[in-house]
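A.B. asks: The structure that follows is given in the form of structure tokens.
Bear in mind that the values in this text are calculations on the coordinates, not laboratory data. What you see is a predicted model; the values in this text were computed from it and never measured. FYI the Cβ positions are ideal-geometry reconstructions off the backbone, even for glycines, and counts take in every protein chain you see.
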Amino acid sequence: QQQVKQSPQSLIVQKGGIPIINCAYENTAFDYFPWYQQFPGKGPALLIAIRPDVSEKKEGRFTISFNKSAKQFSLHIMDSQPGDSATYFCAASVTSVAYKYIFGTGTRLKVLA
Amino acid sequence: NAGVMQNPRHLVRRRGQEARLRCSPMKGHSHVYWYRQLPEEGLKFMVYLQKENIIDESGMPKERFSAEFPKEGPSILRIQQVVRGDSAAYFCASSPEGKGFYGYTFGSGTRLTVV
């Protein structure tokens, strides 16, 4: 019940395409859902995050869609660029234990030039 | 304004040796978190420390692993008698005192290889 399931494991898109990464969870107590971007040899960096009281959040070319009833959320990258090639992790946490994130297993994205 | 600093970046240890991983939080941050990333897996929470206190160590293996964050100096994650299964990337993150928690900053990690 503490898992966050992420798919696909890897993804290849052409430049300008819209990769979509999906995550699903079981624990309805989760109330904060961040996405992290990790480049090789680097630590994960916070990209964008959402709370379950909204269904969508946009920051630049990155959009999170959230479906509370289905317990799913997804990351869309608009007009993807080769520089977006990285591993993306979704995560979830509960406000009462906000420091403890449960991470998905990651999606390795490659954007072809 | 340096970020979270971890060293060494890479560490090779033989089975049975000790590994010490260091983490200096961002300036002004007094909360430190350690995560482990096994190959092809997501990060897993290990421990949350404040200065001189362990707040939550629910993710730490029961044996061989310990963590500290002394009044002065970096936080240390110590792994005694390492085994091949300890090979992973270990990431440290920090956050400031009293701020809402959201999206802490990770360091670049220490990649431990046990041979």
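A.B. asks: If a paramagnetic tag sat 7 Å from the Cα of residue A:12 along the Cα-Cβ line, which residues of the range A:84-111 would have the backbone N under 19 Å from that point?
C.D. replies: It comes to A:84-88, A:107-111, nothing else.
A.B. asks: Give the separation of the Cα centroids, the range B:1-36 to the range A:1-47, in Å.
C.D. replies: Distance between centres, Cα-based: 24 Å.
A.B. asks: About its Cα centre, how strong a charge dipole does the range B:1-66 have in debye, to the nearest 20, once Lys and Arg get +1 and Asp and Glu get -1 at the Cβ?
C.D. replies: 340 debye
A.B. asks: How high is the relative contact order of the range A:58-112, in percent, counting Cα pairs under 8 Å that sit 6 or more residues apart?
C.D. replies: Contact order relative to length: 30 percent.
A.B. asks: Pick out, from A:62, B:114, B:69, the residue whose Cα sits farthest towards the positive end of the charge dipole of the protein assembly as shown, with +1 on the Cβ of Lys and Arg and -1 on the Cβ of Asp and Glu.
C.D. replies: The listed residue farthest towards the positive side: B:114.
A.B. asks: Normalised by the residues of chain B, what does the relative contact order come to in percent, with Cα pairs under 8 Å and at least six apart?
C.D. replies: For chain B, the relative contact order is 37 percent.
A.B. asks: While we're on this one: Tally Lys and Arg at +1 and Asp and Glu at -1 over the other residues with C-beta under 11 Å from the C-beta of residue B:42: what net charge comes out?
C.D. replies: Overall, the nearby charge balance is +1.
A.B. asks: Could you size up the charge dipole of chain B around its Cα centre, putting +1 on the beta carbon of Lys and Arg and -1 on that of Asp and Glu, and report it in debye to the nearest 20?
C.D. replies: Once rounded to the nearest 20, the dipole reads 400 debye.
A.B. asks: Which listed residue (A:40, A:21, A:9) has the Cα farthest towards the positive end of the charge dipole for chain A, taking +1 on Lys and Arg C-beta and -1 on Asp and Glu C-beta about the Cα centre?
C.D. replies: A:40
A.B. asks: Which value, in debye to the nearest 20, describes the size of the charge dipole of the protein assembly as shown about its Cα centre when Lys and Arg Cβ atoms bear +1, Asp and Glu Cβ atoms bear -1, and nothing else is charged?
C.D. replies: 600 debye
A.B. asks: Give me A:75, B:11, B:43, B:21 ranked fewest to most by other Cβ atoms within 10 Å of their Cβ, as a rough exposure proxy.
C.D. replies: Ranking A:75, B:11, B:43, B:21 by Cβ neighbours within 10 Å, fewest first, gives B:11, B:21, A:75, B:43.
A.B. asks: Once you have the Cα-Cα distance between residue B:9 and residue B:27, take 0.36 nm times their residue separation minus that, and quote the gain in nm to one decimal.
C.D. replies: Length difference between fully extended and current span is 4.5 nm.
A.B. asks: Under 19 Å from a point 7 Å along the Cα-to-Cβ line of residue A:79: which residues of the range A:14-57 have their amide N that close?
C.D. replies: Under 19 Å, as judged by backbone N against the label point of residue A:79, lie A:14-20, A:48, A:57 of the range A:14-57.
A.B. asks: Provide the gained length on full extension for the span residue A:39 to residue A:53, in nm with one decimal, where the gain is 0.36 nm per separating residue minus the Cα-Cα distance.
C.D. replies: Working: separation 14, 0.36 × 14 = 5.04 nm, distance 3.02 nm.
So the chain would gain 2.0 nm between residue A:39 and residue A:53.
A.B. asks: Find the relative contact order for chain A and round it to a whole percent, using C-alpha pairs within less than 8 Å whose residues are 6+ positions apart.
C.D. replies: 37 percent.
A.B. asks: Along the positive direction of the dipole of chain B (beta-carbon charges: Lys, Arg +1; Asp, Glu -1; about the Cα centre), which of B:3, B:89, B:26 reaches farthest?
C.D. replies: Farthest along the dipole direction, towards plus: B:89.
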